[in-house]
Amino acid sequence: MKKILGILGALVLLCACIGVVMSFGNTGGESRTATPASTPEPAPSYATIRAQMEGMTEAQFKQYARSLKGKQVHWTGWVEDVNETLFGNYEVWVDMDAPDELLSVQDVTFDVPADVALSLRLNQKITFTGIIDSALNVLESTQITLSEVTIQP
């Protein structure tokens, strides 16, 4: 029993030490104050992103994709489809190339409420803003997922 109490005491002491060390994580003694939330940095156009990703190695692509995360977009594209997801949410697939383009694939995806999803039509041109969550290179196609999307009227 003494052995178990000793181990528990050591664990409590270790946790306390870790807490003290983490509280001093602010190096240089400078104080950190909360700054008001700022507007995310704008992302380049989709065409620019696609062009910059061409010819990148996998490592270069992953680094570039990470640099895009959290940037704000204001783009225009065409509704390729709207799908109901497993949990009853709705996901919009947007093609950034006009519907009459020879190779037309879904490039951007984002979730929307049901009322918005059900008001969209195939090949409808939409302008939207959002924040980049991820960028993937799938079969030489750049696919971007957004959050906090608003479709302009």
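Read-outs throughout are calculated quantities, based only on the coordinates presented, and are distinct from any laboratory measurement. Bear in mind the structure is a predicted one, so any value in this text is a computation, not a measurement. Quick reminder, even Gly has a Cβ in these numbers, built from the backbone with ideal geometry, and neighbours come from all protein chains shown.
See the values below:
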| item | result |
| --- | --- |
| Net lengthening on full extension, Thr127/Ala51 (0.36 nm per residue, minus Cα-Cα) | 25.3 nm |
| Cα-only Debye scattering, region 46-151: base-10 log of I(q)/I(0) at q = 0.10, 0.11, 0.23 Å⁻¹ | -0.27, -0.33, -1.30 |
| Net length gained if the chain between Gln143 and Lys69 were fully extended (0.36 nm per residue, minus Cα distance) | 25.4 nm |
| Taking Tyr64, Tyr46 and counting other C-beta atoms within 10 Å, the order from fewest to most | Tyr64, Tyr46 |
| Net charge of neighbours whose Cβ lies under 12 Å from the Cβ of Tyr64, counting Lys and Arg as +1 and Asp and Glu as -1 | +3 |
| Likely footprinting exposure, Phe87, Phe110, Phe128, fewest C-beta neighbours within 10 Å first | Phe87, Phe128, Phe110 |
| Paramagnetic reach from Thr85 in region 138-153 [backbone N under 15 Å; point 7 Å along Cα→Cβ] | 144-150 |
